[in-house]
1. Confirm whether B:Gln84 is free of Cβ contacts under 8 Å to residues at least 60 places away in the same chain, surrounded by 13 or more Cβ atoms within 10 Å (Cβ to Cβ) and either out of contact with any His (no Cβ under 6 Å at 6 or more places or on another chain) or charged (D, E, K, R) (or both).
2. Taking A:Leu116 and the conditions (1) more than 12 Å from A:Phe29 (Cβ to Cβ); (2) modelled with pLDDT under 85; (3) open to solvent by less than 40 Å² (accessible area, probe 1.4 Å), which numbered condition does it fall short on, given that it satisfies the others?
3. Pull up the stretch A:48-61, narrow it to residues that are assigned to a helix (DSSP H, G or I) and under 15 Å from A:Ser143 (Cα atoms), then point me to the one that is most open to solvent (accessible area, probe 1.4 Å).
4. Being farther than 30 Å from B:Asn168 by Cα, open to solvent by 40 Å² or more (accessible area, probe 1.4 Å) and in a loop (DSSP other than H, G, I, E, B) narrows it down to one of B:Ile72, B:Ile90, B:Ile78, so name that one.
5. Could you please find all residues in the stretch A:44-74 being under 13 Å from the mean Cα position of the chain (by Cα) and not basic (Lys, Arg)?
6. Residues being more than 7 Å from chain B (Cβ to nearest Cβ) and either in contact (Cβ under 8 Å) with a residue 12 or more places away in the chain or in a helix (DSSP H, G or I) (or both): count how many of those fall in the stretch A:14-40.
7. Among the numbered conditions (1) without any contact (Cβ under 8 Å) to a residue 60 or more places away in the chain; (2) under 18 Å from B:Phe183 (Cα atoms); (3) not polar (S, T, N, Q), tell me where B:Asp158 comes up short.
8. Filter the stretch A:134-154 down to the residues that are outside any helix (DSSP H, G or I) and under 12 Å from A:Thr70 (Cβ atoms) and list them by number.
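The values are calculated or read from the model by the stated rules, or taken from the named source; none is laboratory data. Just so you know, these numbers come straight off a predicted model, no measurement behind them. Backbone-built Cβ (ideal geometry, glycine too); neighbour counts: all protein chains shown. The accessibility values were calculated without ligands, DNA or RNA, using every heavy atom of the protein model including side chains. Shrake-Rupley method; radii C 1.70, N 1.55, O 1.52, S 1.80 Å.
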Amino acid sequence: MNPDNKKTESLFMSAYDQYNDAIFRYCLFQVSNREQALDLTQDTFTKTWEYLARGGTIDNVKAFLYKIATNAIIDYRRKKKSSSLDALTDEGYDAPEENKVDHESQSDGEIVRRTLNELDEKYRDVLTMKYINELSVKEIAQSLGESENNVSVRIHRGIAKMKELLEQKELLG
Amino acid sequence: MEDFETQLHTIGKMGREVKMTESESSLMRSNIEDFVSKNPISYTKKTNPIVSPYANIFGFAKAMAFVFVGVILGTTGIASASLQSLPGDILYPIKTSVVEPITGTVVATSLEQKVSYEEKLIYKRLAEIEELKEKEMLDTKRTLIAQKAIARQSDRLDLAIHSIEKSNAVLAIKTNEKVSNEFKRHEDMFENKDMGAATMMMSLSIEEVSPKEAYTKNIIEEEIKIRRELLDEKRRLLHEINDVQITEPAMDTGELFEKEQDAIDNSEENTREQLEGNEALRIRKNGSISNERLILD
């Protein structure tokens, strides 16, 4: 094997070891499904490798991985939209017991996570990246392909909307 | 808001404790390693190729070759299409001024072949008028264009004949004779057949001369011109070859040809008859007898 190729493989697996949990967490907060989050995480790394194998170059591995993960999540949401659980529920579908939420036993943290999922995607993405994955505004901007100023505004508005939702649920006061 | 942000950071800190289990992580790592081994890096690093100093030249030559082929194909197509054109068509000037002269330089390599080629073309010009008439397309504009084409072709033929007058006088005379006959035939045709009332009316209103009259006049003038040239040539040939003197007063034209039978073949006899016929035609046209006489001592 070409030494350069071997080196690339080694660097890639190091990136996996470093960021696999962060990507998994990001995916989990976005889709709220562990199995799906695992699949999305694996897809993120395999797609990144395909890009490298075709001769692509990556300057910022962390931002690149989040970008791939974001795109994978968007694809997942599109597919899910056609067979939305909410739509099935409206039609009389009863979710399995294990997926039902016992609000009384929920911690404040769990309620905030679920509230986060009630936000528009554009706010949820930036808030998850910033507060769960601790990405900088610059890294979020690189991952989403947006300007840093745009990301900052989106974070600010996202926080305001989330606060509004939580006040409605009387968690803040 | 700041308190809420702090709360978010706290929630985030709690969230960051969410991880894959050891087994999930190792299974995923194994899957990814397997994927990497099955999908090795396939690209090769691009190296700067050694550029030939002639690369641009060949590139230019290639481009020019394409342009050349395109021009040839385009020109060939136009030339081919123009061959079917008739007087008044868009491609007709290309046919008469470009295609036919170029073809002549290729197919007619000797002076005799040149005469033969130009002779064929003048028949072609006459045939075009016939075709226009058959298709009922012979209006004033097309007639004038056809006449000009005939006049030009006649000049070309005269030039070709002139070039062989010394080297091949017999062919020159025969060609003149054949062409004269052909003109005569077409003149008769137009005299005997009506060109159509509409065409006549149109031409009269535009130029006060009908196409038929214009054409006939043109043919007669051309005929007379050819005949005069022919007579001059005969006079010169007879003088040079048979040491015959041309003097005044006049003698009958028939006597001239009877005396010089060895020098002039049967075609010249026909030519003489045409001369007489043309003389009569000119008398009809002008209403007087020409004072020109060819006399032989």
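1. Details: free of Cβ contacts under 8 Å to residues at least 60 places away in the same chain: yes; surrounded by 13 or more Cβ atoms within 10 Å (Cβ to Cβ): no; either out of contact with any His (no Cβ under 6 Å at 6 or more places or on another chain) or charged (D, E, K, R) (or both): yes.
Against the criterion (free of Cβ contacts under 8 Å to residues at least 60 places away in the same chain, surrounded by 13 or more Cβ atoms within 10 Å (Cβ to Cβ) and either out of contact with any His (no Cβ under 6 Å at 6 or more places or on another chain) or charged (D, E, K, R) (or both)), B:Gln84 does not qualify.
2. Here A:Leu116 meets the rest and fails (1).
3. A:Val61
4. Residue meeting the stated conditions: B:Ile90.
5. If we filter the stretch A:44-74 for residues that are under 13 Å from the mean Cα position of the chain (by Cα), which is where we start, we get A:44, A:63, A:65-74.
Scanning the stretch A:44-74 gives A:Thr44, A:Ala63, A:Leu65, A:Tyr66, A:Ile68, A:Ala69, A:Thr70, A:Asn71, A:Ala72, A:Ile73, A:Ile74.
6. Filtering the stretch A:14-40 for residues more than 7 Å from chain B (Cβ to nearest Cβ) gives A:14-15, A:17-19, A:22-23, A:26-27, A:30-37, A:39-40.
Filter once more, so that each one left must be either in contact (Cβ under 8 Å) with a residue 12 or more places away in the chain or in a helix (DSSP H, G or I) (or both): A:14-15, A:17-19, A:22-23, A:26-27, A:30-32, A:34-37, A:39-40.
Looking only at that region, the number is 18.
7. (1)
8. To start, the set of residues in the stretch A:134-154 that are outside any helix (DSSP H, G or I) comprises A:134-136, A:145-147.
Passing the criteria: A:Leu135, A:Gly145, A:Glu146.
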